[in-house]
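*Asks:* Here you go, one structure.
Every read-out reported here was derived from the displayed coordinates using simple, explicitly stated rules and does not represent laboratory data. Fair warning: this is a prediction, and the values are worked out from it, not measured in the lab. Neighbour counts are summed over all protein chains in view; Cβ atoms, including those assigned to glycine, are modelled from backbone coordinates with ideal geometry.
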Amino acid sequence: MRLLLDEMYSRAVAEQLRARGHDAIAVTERPDLRGRPDDEVLAWARGDGRAHVTDNVTDYMPLHRVLISSGKPHHGLVFTSNRRFPRGQPSTTGRLVESLDRFLSHRAPELAATPGFVHWLD
C-alpha cells in the first residue's frame, strides 16, 4: 500500500517509512500539495493510488462520504489522533513510524482490497 501523509506530519515520517521499504510521501515534501484544500489533496492521493494518512477527521470524513456515495472510492483513509500522536512532541515521529510500519506490514494487505476503507491507527 502506498501512503500520502497529510501536511501535519513531518517529512521525517515518510523518510523513515521509505527506509523501511514502504512507499510513502509527505505533503510537506511536495510544494505542489502544500497548502492545498483537503479535497484537492485527497483527489491527488486518489489519482496516485495512495491511501491518505491524516488526523483531520472533521474534514476528511465528509469527503469520504461524498466519494463513496458517488461511486468514486478512494484508496483508503488512515486516521490518527493528536491525542495518541501529539504534534510537536519529539517521541511522536518514532511512535508514528512504528505504528504505520506495523499497519503496512500486517493490516494494510487485507484492507488494500477494500476500496474506500477507513482505518483508525493505534
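*Asks:* Which numbered condition in (1) under 18 Å from residue 119 (Cα atoms); (2) loosely packed, with under 13 Cβ neighbours inside 10 Å; (3) in contact with an Asp or Glu (Cβ under 8 Å, 6 or more places away or on another chain) is the only one that residue 84 fails?
*Replies:* Against the list (1) under 18 Å from residue 119 (Cα atoms); (2) loosely packed, with under 13 Cβ neighbours inside 10 Å; (3) in contact with an Asp or Glu (Cβ under 8 Å, 6 or more places away or on another chain), residue 84 comes up short only on (2).
*Asks:* Moving to a separate point now. Give me the pairs, please: first residue somewhere in region 1-26 and more than 10 Å from residue 104 (Cα to Cα), second residue anywhere and buried (at least 17 other Cβ atoms within 10 Å of the Cβ) and of a type in the set (S, T, N, Q), beta-carbon distance under 6 Å, and either six or more positions apart or on two chains.
*Replies:* As it stands, the answer is 6/54; 11/28, since those pairs meet every condition given.
*Asks:* Inside region 82-102, can you point out the residues that are among the acidic types (Asp, Glu) and touching a strand residue (DSSP E or B) at 6+ places or on another chain (Cβ under 8 Å)?
*Replies:* We begin by selecting, within region 82-102, every residue among the acidic types (Asp, Glu); these are 98, 101.
Listed by number, the list is empty, since nothing qualifies.
*Asks:* Which one of these is farther than 18 Å from residue 44 by Cβ and surrounded by 11 or more Cβ atoms within 10 Å (Cβ to Cβ): 91, 99, 69? Reasoning before the result, please.
*Replies:* Values: 91 fails: surrounded by 11 or more Cβ atoms within 10 Å (Cβ to Cβ); 69 fails: surrounded by 11 or more Cβ atoms within 10 Å (Cβ to Cβ).
The conditions single out 99.
*Asks:* Go through the residues of region 45-68 one by one and say whether even a single one is in contact with a Pro (Cβ under 8 Å, 6 or more places away or on another chain) and at negative phi. Spell out how you get there, then give the answer.
*Replies:* From region 45-68, those in contact with a Pro (Cβ under 8 Å, 6 or more places away or on another chain) are 67; that's our starting set.
Of the ones still in play, those that are also at negative phi are 67.
Yes: one or more hits.
*Asks:* I've got another one for you. So which residues in region 72-81 are exposed (fewer than 14 other Cβ atoms within 10 Å of the Cβ) and in contact with a Leu (Cβ under 6 Å, 6 or more places away or on another chain)? Give the derivation first.
*Replies:* Initially, region 72-81 is screened for residues exposed (fewer than 14 other Cβ atoms within 10 Å of the Cβ), giving 72, 81.
Passing the criteria: none in range.
*Asks:* Output the qualifying pairs, or none if there are none: Cβ atoms under 6 angstrom, residues six or more apart or on different chains, first residue in region 63-74 and touching a residue at least 24 places away in the same chain (Cβ under 8 Å), second residue outside any loop (DSSP other than H, G, I, E, B).
*Replies:* 63/39; 63/42; 64/77; 74/46; 74/67
*Asks:* With the condition kept exactly as written, say whether any residue in region 57-65 is surrounded by 15 or more Cβ atoms within 10 Å (Cβ to Cβ), within 22 Å of residue 113 (Cα to Cα), among the aromatic types (Phe, Trp, Tyr) and within 15 Å of the chain's Cα centre (by Cα).
*Replies:* Yes: region 57-65 contains one or more residues that are surrounded by 15 or more Cβ atoms within 10 Å (Cβ to Cβ), within 22 Å of residue 113 (Cα to Cα), among the aromatic types (Phe, Trp, Tyr) and within 15 Å of the chain's Cα centre (by Cα).
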